[in-house]
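Below: the structure, in structure tokens.
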Amino acid sequence: MKVIILCGGLGTRLREETEYRPKPMVEIGGRPILWHIMKSYAHYGFREFVLCLGYRGSMIKEYFLNYEAMNNDVTIALGRQNRITYHDAHAEQDFQVTLAETGLGTMTGGRIQRAARYVDGDLFMVTYGDGVANLDLRALVNFHLAHGRWATITTVRPVSRFGVLDLDSEGAVLNFSEKPQVEGWVNAGFMVYNRRVLDYLAGDDCVLEQEPLARLAREGQLMAYRHTGFFFAMDTYREYKYLNELWEQGRAPWKVWA
């Protein structure tokens, strides 16, 4: 099953890191967050990726075009021999990565539509290039197959950006909760779609999260997979620092691979 990863946004809220590179190339522990996302999928057996490129997409192309050289010892025969020998073997031997140019200003639905020609089979997966989770992706797919609808999105409970206080009538603080989970569920990405969903995507200005998903919901074709474990989207410099701290301390919940 192909995994489409949306990699084309500008990442304006993380300008400290995205001024000169796309957000999926911002590093956690010396590796792009995109690499972490792909490793999570690969752990559950999904190793065919279609990357939807946009803003500074050439950097993502260069990363994968140079992947063998940068992740192996290399012997280079110069001159007329013109031969390169890669030694050893990195852990991503069986990855297949399609790098699809989907336009600078194209919206999420439009990017998927542009990349659809690389999708074969009745099902495909979609996620964003800036969020990590300790999600059981095989269980997600099984959930989708079991309910028989056309679309599944993974949902999580949002966490408040601020501490929440319980006060009495005089203003005394009865309880303080630092960034608690709040009511409701939000879309975390990690989606599974039947290819019929492609008919709901029209044009480069199509925003997946607006009319297409709303229409699928109205027609009873959209289901939510509730994830109660770890999920974190890297939108700000503070969140970038937090994910790197987790990795450096050996406490990264999304590292499900060996």
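The values are calculated or read from the model by the stated rules, or taken from the named source; none is laboratory data. A quick note: this is a predicted structure, and the numbers were derived from the prediction, not measured. Don't worry about glycine lacking a Cβ; one is built from the backbone with ideal geometry, like all the others, and counts go over all protein chains shown.
If you go through the range 215-233 one residue at a time, do you hit one that is at pLDDT below 95 and more than 21 Å from LEU140 (Cα to Cα)?
Within the range 215-233, not a single residue is at pLDDT below 95 and more than 21 Å from LEU140 (Cα to Cα).
Report, by residue number, each residue of the range 95-142 that is out of contact with any Pro (no Cβ under 9 Å at 6 or more places or on another chain) and among the acidic types (Asp, Glu).
Once the filter is applied, which keeps residues that are out of contact with any Pro (no Cβ under 9 Å at 6 or more places or on another chain) and among the acidic types (Asp, Glu), the range 95-142 yields GLU101, ASP120, ASP122, ASP136.
If we keep just the residues of the range 11-27 that are surrounded by 15 or more Cβ atoms within 10 Å (Cβ to Cβ) and touching an Asp or Glu at 6+ places or on another chain (Cβ under 6 Å), which is nearest to HIS90 (Cα to Cα)?
Restricting to residues being surrounded by 15 or more Cβ atoms within 10 Å (Cβ to Cβ) and touching an Asp or Glu at 6+ places or on another chain (Cβ under 6 Å), the top hit is VAL26.
Mind listing whichever residues of the range 89-147 are of a type in the set (Val, Ile, Thr) and touching a Phe, Trp or Tyr at 6+ places or on another chain (Cβ under 6 Å)?
VAL97, THR98, THR127, VAL132
Suppose we filter the range 219-258 for residues that are part of a helix (DSSP H, G or I), without any contact (Cβ under 8 Å) to a residue 24 or more places away in the chain and out of contact with any strand residue (DSSP E or B) (no Cβ under 8 Å at 6 or more places or on another chain); how many remain?
The total comes to 4.
Within the range 170-182, does at least one residue satisfy the condition of being modelled with pLDDT under 95 and at positive phi?
Yes: the range 170-182 contains one or more residues that are modelled with pLDDT under 95 and at positive phi.
Is the range 59-71 home to any residue that is touching a residue at least 24 places away in the same chain (Cβ under 8 Å), buried (at least 17 other Cβ atoms within 10 Å of the Cβ) and closer than 30 Å to ARG215 by Cβ?
Looking for residues that are touching a residue at least 24 places away in the same chain (Cβ under 8 Å), buried (at least 17 other Cβ atoms within 10 Å of the Cβ) and closer than 30 Å to ARG215 by Cβ, one finds none in the range 59-71, hence no.
Out of everything in the range 85-104 that is exposed (fewer than 12 other Cβ atoms within 10 Å of the Cβ) and aliphatic (A, V, I, L, M), what residue ends up being nearest to ILE4 (Cα to Cα)? Let's see the steps before the verdict.
Start the filter on the range 85-104 by keeping residues that are exposed (fewer than 12 other Cβ atoms within 10 Å of the Cβ), which leaves 85, 87-89, 91, 93-94, 96.
From what's left, aliphatic (A, V, I, L, M): 89, 91.
Values: ALA89: 25, ALA91: 21 Å.
Only one residue fits best here, namely ALA91.
Scan the range 27-39 for residues that are in contact with a strand residue (DSSP E or B) (Cβ under 9 Å, 6 or more places away or on another chain) and more than 15 Å from LEU51 (Cβ to Cβ) and jot them down.
Within the range 27-39, ILE28 is the sole residue that qualifies.
Filter the range 217-240 down to residues that are surrounded by 15 or more Cβ atoms within 10 Å (Cβ to Cβ) and acidic (Asp, Glu) and give me whichever is nearest to the chain's Cα centre (by Cα).
Filtering first and then ranking leaves ASP235.
Output the number of the condition that LEU6 fails; it satisfies all remaining conditions of (1) over 20 Å from LEU135 (Cα atoms); (2) touching a Ser or Thr at 6+ places or on another chain (Cβ under 7 Å).
(1)
Considering only residues of the range 89-147 that are among the aromatic types (Phe, Trp, Tyr) and either assigned to a helix (DSSP H, G or I) or touching a residue at least 60 places away in the same chain (Cβ under 8 Å) (or both), which is farthest from VAL26 (Cα to Cα)? Lay out the reasoning, then the answer.
Just the residues of the range 89-147 that are among the aromatic types (Phe, Trp, Tyr), to begin with: 95, 118, 124, 128, 143.
Of the ones still in play, those that are also either assigned to a helix (DSSP H, G or I) or touching a residue at least 60 places away in the same chain (Cβ under 8 Å) (or both) are 118, 124, 128, 143.
Details: TYR118: 26, PHE124: 26, TYR128: 14, PHE143: 32 Å.
Checked the range 89-147; the qualifying residue farthest from VAL26 (Cα to Cα) is PHE143.
Would the range 28-44 turn up any residue that is surrounded by fewer than 17 Cβ atoms within 10 Å (Cβ to Cβ), part of a helix (DSSP H, G or I), at pLDDT 95 or above and out of contact with any Phe, Trp or Tyr (no Cβ under 6 Å at 6 or more places or on another chain)?
No, every residue in the range 28-44 fails to be surrounded by fewer than 17 Cβ atoms within 10 Å (Cβ to Cβ), part of a helix (DSSP H, G or I), at pLDDT 95 or above and out of contact with any Phe, Trp or Tyr (no Cβ under 6 Å at 6 or more places or on another chain).
Restricting attention to the range 153-169, and to residues there that are assigned to a loop (DSSP other than H, G, I, E, B) and closer than 26 Å to ARG226 by Cβ, which single residue is modelled with the highest pLDDT?
Taking the candidates together, the pick is ARG157.
Can you find a residue that is surrounded by 12 or more Cβ atoms within 10 Å (Cβ to Cβ), at pLDDT 95 or above and under 25 Å from GLY121 (Cβ atoms) anywhere in the range 241-256?
yes
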